[in-house]
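A quick write-up on the structure given underneath.
The values are calculated or read from the model by the stated rules, or taken from the named source; none is laboratory data. Quick caveat, the model's predicted, so the values are computed rather than measured. Backbone-built Cβ (ideal geometry, glycine too); neighbour counts: all protein chains shown. Protein only, heavy atoms only, side chains kept; ligands, DNA and RNA dropped before computing areas. Shrake-Rupley method; radii C 1.70, N 1.55, O 1.52, S 1.80 Å.
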Amino acid sequence: MYPPKSVSVSISPSGEIVEGDSVTLSCSSDSNPPADISWFKGRTSVGSGRIYSISKISSDDSGEYKCKSRNKHGEKYSNTVMLKVMYAPRNVVVSISPSGVIVEGDSVTLNCSTDSNPPAEISWYKGGTFVGSGRIYSISKISTDDSGEYKCKSRNNHGVKNSDAVTLNIMYPPVKPMISISPSVNIMEGDSVTLSCSSDSYQPAEISWFKGRTFVGSGRIYSISNISSDHSGEYKCKSRNKLGEKYSDAVTLNVMYPPRNVSVSISPSVEIVEGDSVTLSCSSDSNPPADISWFKGRTFVGSGRIYSISKISSDHSGEYKCKSRNKLGEKYSAVTLNVMYPPKSVSVSISPSGEILEGDSVTLSCSSDSNPPAEISWFKGGMFVGSGRIYSISNISSDHSGEYKCKSRNKHGEKYSDTVTLNVMYPPKSISVSINGSGEIAEGDSVTLICSSDSNPPAEISWFKGGTFVESGRIYSISNISSDHSGEYKCKSRNKHGQKDSDAVTLNVTYPPKNVSVFINGSAEIVEGDSLTLICSSDSNPPALNFSWFKEDQSSSVGSGQSFSALQSGRFYCEAHNQHGSQRSDTVTVTVHGRKLLYAAGGVTGGLGGLISIFIIVWLMRKKQRPNHIAQKQDDLYVNVSAHNGSLSESDAANQNDALYSLITLSNFSHNQTEGKASDSEDTEEVQYVSVLYHRNNEMNQPEENESQYDNIRKYQTDAARRSTDQMVEDQSVIYSTVK
């Protein structure tokens with residue numbers, strides 16, 4: 001014994017089931033003892049027994065079926081089987097959404113419902129015309145053209161069926177009205193005119209008439225009797241019902257008449273400035289429209305209602321008029337264009353126009369074209385100097401020379417004239433000399449003197465050293481300068497109006513020592529125990545500050561200072577130093593003898609007297625030539641006289657040991673004067689001396705030329721301003737004479 005198992009349902013016939021067919025459902029089950037069979041449609045019991053039969057099946061019998069097999073040991077359901085009953089469309093109905101009043105512009109949906117198996121295909125028809133397919137037929141923004149009867153057709157392979165027709169009744173506002181005019185030909189003043197308005201609408205519309213925007217009447221007909229030009233204009237009618245309103249296009253009543261009310265307007269209407277674009281408009285009331293002509297003065301300049309001038313200029317200023325003319329008459333209207341513009345053609349004239357001399361009176365005049373008239377300002381360079389059309393300068397000076405211009409200005413702009421140059425002529429002034437390289441000038445340098453001069457016309461420049469002309473031109477250059485170039489320089493500036501000299505400038509050329517020499521104060525031969533003073537002299541700028549003494553064949557110095565006391569025989573020389581260099585002198589010989597000295601006095605008196613006379617003559621000549629302040633600076637005058645007269649031995653002749661010397665010193669110079677004026681820049685004479693050799697010996701059998709009498713006069717001059725007094729052993733100037 002066992003409960004039911006392997007429960008299943010089979011359908012006969014097994015193919016497509018069409019409404020009206022007979023159908024048998026069979027339930028098979030394996031059980032012991034045999035099971036009781038029950039049938040269910042969905043959850044509803046519909047029968048029992050192994051066989052469930054349906055005769056003339058309908059769509060209502062469609063659904064899920066199953067059987068239940070049951071014995072005392074248990075029960076079991078079969079799987080469900082589906083009965084699908086096929087049938088032709090039926091209950092075909094159309095519904096409209098929205099269901100109320102349909103207004104033009106609405107969106108409308110038609111919905112077709114139908115019962116069929118298999119599902120039917122839906123087609124839509126307006127009247128007899130196919131318009132779409134699908135269960136839903138939609139119309140967006142419906143219009144009056146969509147009004148009419150609609151129906152849907154439902155169709156499957158078992159049959160076809162149409163719905164009942166539904167009507168779409170679309171409400172709409174008036175369509176655009178139209179106006180007709182009678183008579184339709186030209187309308188003359190005094191005629192009678194009728195305007196008619198026709199309009200289509202669902203629900204009849206009310207008609208209103210407007211001229212422009214002004215209501216003038218109602219009703220389908222609007223009549224005007226005895227028409228005038230005032231009736232000319234645009235007319236339109238309005239058609240209105242409860243769904244909306246619509247205006248017709250405007251129609252124009254064109255009443256013919258001659259020109260009147262002719263006028264000209266200017267744009268822009270405010271002030272007109274040069275460069276603007278200006279439009280002249282001629283307005284004229286006439287019908288038919290008039291032909292417009294434009295005139296400037298009596299000259300025809302254009303035609304048309306508008307006369308335009310782009311980038312207007314002052315040349316366009318003047319009276320303009322327009323002429324309005326049609327076949328019924330003509331009329332004029334005039335207006336004036338006053339064009340404003342900034343200054344232009346600004347220029348300056350000078351009076352007098354020729355050469356201008358210092359002290360003259362000069363007038364500058366500024367001319368300018370502008371509207372409105374301009375204000376005038378004057379400038380010298382970039383500096384304001386005056387205002388007004390005329391700028392006058394009385395008693396003109398060189399300071400007034402320069403570039404002048406005037407500025408012409410009004411509210412529309414400003415403009416400068418070209419510059420004019422006032423070139424005031426005057427003689428040289430403010431003459432000065434500058435030295436290129438204002439520091440110390442050393443011998444060998446290149447020096448440039450530059451002469452600056454203020455004059456007009458430019459001056460010719462001449463250079464002078466002292467009173468001597470040396471060069472011309474603004475620049476005087478000295479290359480490789482030497483001490484000879486020291487002195488006062490000045491330049492002379494000259495033009496046709498006068499001349500002027502600069503102040504003098506001094507060139508103070510520095511150089512190392514030169515012409516270094518040793519002076520022996522006394523005889524070069526001395527007696528043992530005595531001393532001999534050697535003096536070192538040199539020419540230098542600045543004065544030599546350091547003097548060194550050397551004995552020949554010795555490497556180290558034996559003394560320093562401008563003077564040196566020699567105590568032994570030998571050959572001596574000195575070296576003079578300043579910051580620019582040094583130089584050594586030639587050697588001098590000093591001889592030291594034992595105590596035995598030979599003195600020879602014979603013949604000396606005559607020679608000495610002659611030499612003193614020569615010395616006095618030379619001294620007087622030099623004193624006469626030099627200025628007082630130099631003469632006062634003379635420090636010492638001395639004469640060193642050696643006379644030799646008589647017979648000499650060969651050894652005496654060779655050594656001249658028997659020479660007689662005399663030293664004469666004249667002092668006429670105070671020490672305070674030396675200290676107070678040692679720094680003067682004047683050239684002073686340091687040393688003047690005369691060397692005279694007087695030699696007479698008839699016993700030496702010398703050649704005839706040795707019997708000659710001769711003198712040697714040497715002048716030695718340096719710049720005393722460059723030497724300090726404490727460097728001198730004696731004083732700054734010495735005149736001496738040596739006689740042998």
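Table for the structure above
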read-out	value
Net length gained if the chain between GLU403 and ASP530 were fully extended (0.36 nm per residue, minus Cα distance)	37.1 nm
Accessible surface of the range 393-465 [probe 1.4 Å, protein heavy atoms]: carbon and sulfur percent	41
ASN436 paired with SER55, simple spin-label distance in nm, labels 7 Å along Cα-to-beta-carbon	15.1
Extension gain, LYS496 back to ASP445 (0.36 nm per residue minus Cα-Cα distance, nm)	14.7 nm
Cross-link pairs LYS321/LYS344; LYS141/LYS161; LYS84/LYS126; LYS5/LYS41; LYS84/LYS161 - those with Cα-Cα distance over 23 Å	LYS321/LYS344; LYS141/LYS161; LYS84/LYS126
Nonlocal amide H pairs with SER313, under 5 Å, H built at 1.01 Å	GLY275
Electrostatic dipole magnitude of the range 305-365 [Cβ: Lys, Arg +1; Asp, Glu -1; Cα centre; debye, to 20]	1140
Using a Förster distance of 60 Å, the FRET efficiency for SER263-THR363 (Cβ separation, nearest 0.05)	0.75
Probe 1.4 Å, accessible area per residue of the range 296-451, Å²	55
Accessible surface of the range 470-559, 1.4 Å probe, proportion on carbon and sulfur as whole %	38
Sum of side-chain charges, LEU449 neighbourhood, beta-carbon under 12 Å (Lys, Arg +1; Asp, Glu -1)	+1
Radius 14 Å from Cβ of GLU245, net charge of other residues (Lys, Arg +1; Asp, Glu -1)	+3
Using a Förster distance of 30 Å, the FRET efficiency for ASP30-THR80 (Cβ separation, nearest 0.05)	0.95
In nm, spacing of pseudo-spin labels at SER392 and THR194 (7 Å Cα→C-beta vector)	9.2
Karplus-derived 3J(HN,Hα), 6.51/-1.76/1.60, for each residue of the range 416-425, Hz, glycine and proline x	9, 6, 5, 6, 10, 10, 8, 10, 7, 7
Cα centroid of the range 514-536 to Cα centroid of the range 336-372, whole Å	90
Accessible area per residue, Å², the range 134-176 with all protein chains present, probe 1.4 Å	57
Reachable lysines, given that their alpha-carbon falls under 17 Å from the alpha-carbon of LYS238 and they are not under 8 places away in the same chain	LYS176, LYS211, LYS246
13 Å reach of a label modelled at SER138, 7 Å along Cα-to-Cβ, counting backbone N of the range 109-132	109-111
R0 of 60 Å, Cβ-Cβ distance ASP418-THR252: FRET efficiency to nearest 0.05	0.45
Set of lysines with alpha-carbon distance to LYS514 below 28 Å, sequence-local pairs under 8 removed	LYS465, LYS551, LYS623, LYS633, LYS677, LYS715
Surface per residue (accessible, 1.4 Å probe) for the range 514-555, Å²	42
Gain on full stretching of the segment that runs from SER556 to VAL270 - 0.36 nm per residue minus C-alpha separation	92.1 nm
Neighbour net charge for ASN410 - beta-carbon separation under 13 angstrom, K R +1, D E -1	0
Paramagnetic label zone (point 7 Å from Cα along Cα-to-C-beta, VAL335; backbone N under 16 Å) in the range 251-266	261-266
Estimated vicinal HN-Hα couplings, Hz - the range 449-458 in sequence order (Karplus 6.51, -1.76, 1.60; Gly, Pro = x)	9, 10, 9, 9, 8, 9, 7, 8, x, x
C-alpha center-to-center spacing [the range 76-105, the range 271-312] in angstrom	80
Cα-projected label distance for ASN515 with GLU121, points at 7 Å along beta-carbon direction, nm	14.7
